[in-house]
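Below is one structure; the comments refer to it alone.
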Amino acid sequence: MRSYSDISVDTPSQGVQLIRLNRPEAHNALRTALLGELADALTEAEQDDQVRVIVLTGSEKVFAAGADIKEMAELNPVDIWKDKRPQHWNGIKAFQKPIITAVNGYCLGGGMELALCADIIIAGENAQFGQPEINLGIIPGAGGTQRLIRSVGKSLAMKLILSGEFINAREALAACLVAEVTQPELTLKRATELATTIASKSPVAVRIAKEAILAAYETPLSQGLELERKAFLFLASTEDRQEGIQAFMEKRVPQFKGQ
Ligand code: DAK
């Protein structure tokens with residue numbers, strides 16, 4: 001495993017790997033180097049059969065305060081043209097195993113876009129979500145205008161992106177932006193527990209379920225249903241399906257191998 005400075009990457013345990021954003025001095029601002037490290041860590045995790053689910057978190061006070069504004073301030077047009085950030089974001093978005101984000105404190109701008117790229121958000125009571133790019137005279141640049149509306153609908157997406165106002169964890173729960181709200185000290189524990197449950201399922205079925213759910217963003221219903229039908233047929237041929245059914249008959253816990 002390569003070494004990282006802006007993130008920490010734990011050894012997988014029970015199929016779950018914890019990745020922590022680790023720039024406390026800058027509220028975990030997502031500088032290019034951090035995004036590159038995250039993309040690399042996910043590429044490694046994709047290849048590692050010991051990793052079935054990722055839990056991504058920040059600190060107990062901040063998930064991430066967005067793109068690194070100080071780094072952005074120094075970019076000239078040529079730097080922006082050569083910018084590696086879109087490439088790193090694409091690496092993050094392409095990850096095929098589930099990512100659960102455990103969010104405490106600020107989850108802003110690119111930080112919120114990162115959480116939106118992930119699959120499930122567990123938020124601490126102290127979480128605050130926002131897209132304050134408008135205060136800098138810019139707009140979200142990592143999918144916020146597209147993913148937020150799909151997640152919370154037009155009115156709230158417009159409010160957040162046009163005003164820069166934040167919403168708290170309870171408001172985020174009511175808007176279906178997050179799956180659960182916990183006490184801040186329990187956010188990571190709950191995210192890890194959920195990740196462990198998902199990691200105990202068939203990795204093939206989990207991966208295909210994620211792919212099918214994400215396809216709903218891109219396809220009309222009839223096409224999505226067709227994709228689901230084909231995915232279902234594909235899973236009929238896996239050893240994991242046989243094992244799942246056999247284990248049910250034998251009243252035991254299934255041992256899924258991802259075959
Ligand atoms: N960037 C750099 N440093 C940051 C930062 C950020 N986003 N947020 C906080 N910091 C730094 C502060 O400068 C401060 O450092 P020192 O001055 O002490 O050295 C330290 O972190 C602590 O911050 P504060 O003193 O401000 O802490 P407070 O608790 O008082 O306030 C805050 C917390 C989160 C409300 C405040 O720090 C804040 O408003 N931060 C900026 C939030 C923001 O505007 N975020 C959106 C950034 S724009 C793209 C992809 C994505 C994007 C763009 C393009 N492409 C692929 C093209 C995304 C853009 C954005 O996210």
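I need the full set of residues from segment 111-154 which are among the β-branched types (V, I, T) and in a loop (DSSP other than H, G, I, E, B), in order please.
Answer for segment 111-154, where residues must be among the β-branched types (V, I, T) and in a loop (DSSP other than H, G, I, E, B): I138, I139.
Out of the residues in segment 63-75 that are within 11 Å of the ligand (Cβ to nearest atom) and of a type in the set (D, E, K, R), state the one that is surrounded by the fewest Cβ atoms within 10 Å (Cβ to Cβ).
K70
Check segment 213-229 and report whether any residue there is touching a strand residue (DSSP E or B) at 6+ places or on another chain (Cβ under 6 Å) and hydroxyl-bearing (S, T, Y).
no
Which one of R241, R190 is more than 30 Å from N135 (Cβ to Cβ), assigned to a helix (DSSP H, G or I), in contact with a Leu (Cβ under 7 Å, 6 or more places away or on another chain) and not hydrophobic (A, V, I, L, M, F, W, C)? Talk me through it step by step, then tell me what you get.
Working: R190 fails: in contact with a Leu (Cβ under 7 Å, 6 or more places away or on another chain).
When all the criteria are applied, what remains is R241.
Any residue in segment 117-124 that is within 12 Å of the ligand (Cβ to nearest atom) and either in contact with a helix residue (DSSP H, G or I) (Cβ under 8 Å, 6 or more places away or on another chain) or without any contact (Cβ under 8 Å) to a residue 40 or more places away in the chain (or both)?
Yes, segment 117-124 has at least one match.
Of everything in segment 81-104 that's more than 11 Å from T57 (Cα to Cα) and assigned to a loop (DSSP other than H, G, I, E, B), which residue is modelled with the lowest pLDDT?
D83
Scan segment 131-168 residue by residue and report those that are closer than 27 Å to G91 by Cβ, more than 12 Å from the ligand (Cβ to nearest atom) and of a type in the set (S, T, N, Q).
Within segment 131-168, Q146, S151 qualify.
How many residues does segment 204-259 hold that are on the phi > 0 side of the Ramachandran plot and modelled with pLDDT of 95 or more?
Total satisfying the criteria: 1.
Give all pairs with beta carbons closer than 8 Å in which a residue from segment 58-75 that is closer than 17 Å to T101 by Cα and part of a loop (DSSP other than H, G, I, E, B) meets a residue that is near the ligand (Cβ under 8 Å from one of its atoms) and among the aromatic types (F, W, Y); count only pairs at least 6 apart in sequence or on separate chains.
If the second residue must be near the ligand (Cβ under 8 Å from one of its atoms) and among the aromatic types (F, W, Y), the pairs left are K61/Y106; A65/Y106.
With the condition kept exactly as written, say whether any residue in segment 76-90 is more than 16 Å from the ligand (Cβ to nearest atom), surrounded by 14 or more Cβ atoms within 10 Å (Cβ to Cβ) and within 12 Å of the chain's Cα centre (by Cα).
no
Can you pull out every residue in segment 1-26 that is hydroxyl-bearing (S, T, Y) and in contact with a Lys or Arg (Cβ under 8 Å, 6 or more places away or on another chain)?
Start the filter on segment 1-26 by keeping residues that are hydroxyl-bearing (S, T, Y), which leaves 3-5, 8, 11, 13.
Matches in segment 1-26: S8 only.
So Q128 fits all but one of (1) under 14 Å from the mean Cα position of the chain (by Cα); (2) near the ligand (Cβ under 10 Å from one of its atoms); what number is the exception?
(1)
Out of the residues in segment 140-173 that are more than 12 Å from G130 (Cβ to Cβ) and of a type in the set (D, E, K, R), which is nearest to the chain's Cα centre (by Cα)?
The selected residue is R147.
Given the structure, is I198 without any contact (Cβ under 8 Å) to a residue 60 or more places away in the chain, under 23 Å from the mean Cα position of the chain (by Cα) and crowded, with 16+ Cβ neighbours inside 10 Å?
No.
The values are calculated or read from the model by the stated rules, or taken from the named source; none is laboratory data. The structure presented is a predicted model; accordingly, all values stated were derived computationally and were not measured. We place every Cβ from the backbone using ideal geometry, glycine too, and count neighbours over all the protein chains shown.
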